[in-house]
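Participant: The structure is given below, and queries will be raised subsequently.
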Amino acid sequence: MTLQNDLLLRTARGELTERAPVWMMRQAGRVLPEYRAVREQAGSFITLAKTPELAAEVTIQPVDAFGVDAAIIFSDILVIPEAMGLPYEMVESRGPVFPETVRTMDDLKRLRVADAESDLGYVLDAIKLTKKELNGRVPLIGFAGAPFTIFCYMTEGKGSKTFSVAKKLLYTDPDFAHALLQQITDSTIGYLQAQIQAGADLVQIFDSWAGILSPEQYRTFSLPYIKQICDLITGTPDREVPITVFAKGAFFARQEIGQLSCDVVGLDWNMDPHESRQLIPDRVLQGNLDPCVLYADFAQIRAEVKRMFDGFGHQHYIANLGHGIYPDTDRDKARCFVDAVKELGAV
C-alpha cells in the first residue's frame, strides 16, 4: 500500500524533504481522554496491550488528535521478558513489577528465547490491524527495548532510580549478565523481524536506562547487543525498514551509536544539537524537546521549537520530544508542539 504521508520514512532514509516530520514518544496515552476511556474499558494496561483491537484503536488516536506524521504501535518493552518466561504486572502509581526475578545462572534455566509468533502474536496482530485501519495515512513504528534496559527490569524486578541490583551483577557475575543479555538479544531480533513482517515501517530500539552506565560499561554491556540487533534486523526484499536507536542519557556514546548500522539516532534534551551533528554527521537525528516545555504557554512552546530548529536545521532531522510525553500534559499544548513543527520546520 502506498503511503499518503511518507515524510518520516523519506527523512529516515536520508532524503531531502519539504519539512521535518514530527511524532512524540508515548503519544498514545493518558494525555488523551479518549485513551483513558479505552483503558477503562480494558480494565488494565496489560489487557489493553494484549487486545489487538483496542491496541490498534489507541495507536491511531494521536494521528487523529495531533496530526503527527507517524503512529507507534501501542505496546510495552516488557512484553519481551514475559515472552521469555518472566511475567510482569503493571501496578498503578508504581509501574511495572516482576513477581520473580533472574539473578543467577540457575535462574536462566527458567527462561527461553521468545518465539515471536507464538509468544507475541497479539502484538503482531495489533500491527496488522493498525496497518489496515490506518489505510496508508502515515507510517507505523514498531519498537523494542534495548537488551540492557530489559536486563535492568528482569534482575531488579521493578523500576529504580539507580538499578543498583542490576549494576551489581555486572561487577559480581559478568558471565551471567552476558548470558542473559544474549538471550534477550536473540528474543528481540526475532521479535523486531516479526514486527517488520507484520507491517511495521520503521523500528525503534529504546535504551531507556543507558545513562546509568559508565562509558566503559556501556561499551561492554549495551552497545554490542544493540549492534547485533541493528546488524541482523532487515526489511523485506521489497521494503526498506529504517532503524532508530534512542539511548537516553548516553551522551558519552553518541559517536559510537552513530557508527551502528542504524539510520536514525534519537537524542534526549541533555544532548546539544550542534555538538551531536558534529559527532554524528552522517545519521538522521531525532529529538529532543524537553517534555516539560509542554507545560509552558503556547508562545514559549513555539519559541522552544524554533530554538530546536536553529540547532538541528531542517534536513536529516525528525522532530520529537527528548523522552515520552508526560501524562498530565494538556493535549492542546501537545497539538501546539506538532503544529509549530509543521510551520517552523518547513524548508
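Participant: Can you pull the percent of region 74-214's accessible area that's carbon plus sulfur, 1.4 Å probe, other chains left in place?
Facilitator: Carbon and sulfur atoms account for 51 percent of the accessible area of region 74-214.
Participant: Note down the magnitude of the dipole of region 1-90 about its Cα centre, charges +1 on Lys and Arg C-beta and -1 on Asp and Glu C-beta and zero elsewhere, to the nearest 20 debye.
Facilitator: Around 180 debye, computed over region 1-90.
Participant: Shifting gears a bit: Sum -39500 (n - 2.57) across every DSSP H segment of at least 4 residues in the chain, then divide by the residue count to get the 222 nm mean residue ellipticity, nearest 500. If you can, show how the numbers build up before the last one.
Facilitator: Numbers: 17 runs with 164 residues, N = 347.
That comes out to -13500 deg cm²/dmol.
Participant: Once the Cα gyration tensor of the chain is diagonalised, what are the square roots of 5 times its eigenvalues, in whole Å and ordered largest first, as equivalent ellipsoid semi-axes?
Facilitator: 30, 23, 20
Participant: Take the alpha-carbon centre of region 94-139, take the same for region 1-75, and report the distance between them in whole Å.
Facilitator: Value for the Cα centre distance between the two parts: 18 Å.
Participant: Another question, then. In region 232-347, what percent of the accessible surface is made up of carbon and sulfur (1.4 Å probe, ligands and nucleic acids excluded)?
Facilitator: 51 percent
Participant: Now, a different point. What whole-number value in Å² describes the accessible area per residue of region 75-133 for a 1.4 Å probe?
Facilitator: With all protein chains present, region 75-133 gives 50 Å² per residue.
Participant: Here's something else I'd like to know. Contour minus end-to-end for ALA299 and HIS314, with contour as 0.36 nm per residue of separation and end-to-end as the Cα-Cα distance?
Facilitator: 3.4 nm
Participant: A follow-up question, please. Taking only Cα atoms of region 1-160, what ratio of Rg to Rh do you get with Rh as the Kirkwood inverse-distance radius?
Facilitator: Working: Rg = 17.2 Å, Rh = 17.1 Å.
The Rg/Rh ratio comes out at 1.01.
Participant: Which residue, SER214, SER118, SER276, tops the fluctuation ranking in a GNM of the chain built on C-alpha contacts under 10 Å?
Facilitator: SER118
Participant: Most fluctuating residue of ILE301, ILE150, ILE127 in a GNM of the chain with Cα springs under 10 Å: which is it?
Facilitator: The residue that fluctuates most here is ILE301.
Participant: Is the shape of region 165-214 rounded, prolate or oblate, going by the alpha carbon gyration tensor and its root eigenvalues a ≥ b ≥ c, with a/c under 1.5 for rounded and a/b larger than b/c for prolate? Don't skip to the answer; put the middle values down first.
Facilitator: Details: a/c = 5.24, a/b = 1.98, b/c = 2.65.
It is oblate, given that a/c is not under 1.5 and a/b is not larger than b/c.
Participant: Could you pull out every residue, at least 5 positions away or on a different chain, whose amide H is within less than 5 Å of the one on GLY266? Hs are placed 1.01 Å off N in the peptide plane, and Pro or chain starts have none.
Facilitator: Distant-sequence amide H within range of GLY266: VAL245, PHE246, ALA247, GLN286.
Participant: Next question, about the same structure. Among ILE73, ILE229, ILE46, which one shows the highest mean-square fluctuation when the chain is modelled as a Gaussian network with alpha-carbon springs under 10 Å?
Facilitator: The residue with the greatest mean-square fluctuation here is ILE46.
Participant: What is the packing order of peptides 307-318, 163-174, taking the mean over residues of other C-beta atoms within 10 Å and listing the highest first?
Facilitator: The most tightly packed comes first, giving 307-318, 163-174.
Participant: When a/c reaches 1.5 or more, the comparison of a/b and b/c decides; with that in mind, is region 58-133 rounded, prolate or oblate per its Cα gyration tensor?
Facilitator: Since a/c reaches 1.5 but b/c is at least a/b, the shape of region 58-133 is classed as oblate.
Participant: Please name whichever of GLN259, PRO139, TYR295 sits farthest to the positive end of the charge dipole of the chain, dipole taken about the Cα centre and charges placed at Cβ: Lys and Arg +1, Asp and Glu -1.
Facilitator: TYR295
Participant: I need the helices of the chain that pass two filters: whole DSSP H segments spanning 30 Å or more by Cα along the axis, and mean Kyte-Doolittle score no lower than -1.0.
Facilitator: Qualifying helices: 174-198.
Participant: Quick check on region 294-337: take the gyration tensor over C-alpha atoms, sort the square-rooted eigenvalues as a ≥ b ≥ c, and tell me if it's rounded (a/c under 1.5), prolate or oblate.
Facilitator: In terms of gyration-tensor shape, oblate.
Participant: Skip the ligands, DNA and RNA, and give the accessible area per residue of region 212-294 with a 1.4 Å probe, whole Å².
Facilitator: Result: 41 Å² of accessible area for each residue.
The values are calculated or read from the model by the stated rules, or taken from the named source; none is laboratory data. Computed from a predicted structure; not experimentally measured. Cβ coordinates were reconstructed from backbone atoms using ideal geometry, including for glycine residues, and neighbour counts include every protein chain displayed. Side chains are part of the model used for accessible areas, which takes the heavy atoms of the whole protein and leaves out ligands, DNA and RNA. Shrake-Rupley method; radii C 1.70, N 1.55, O 1.52, S 1.80 Å.
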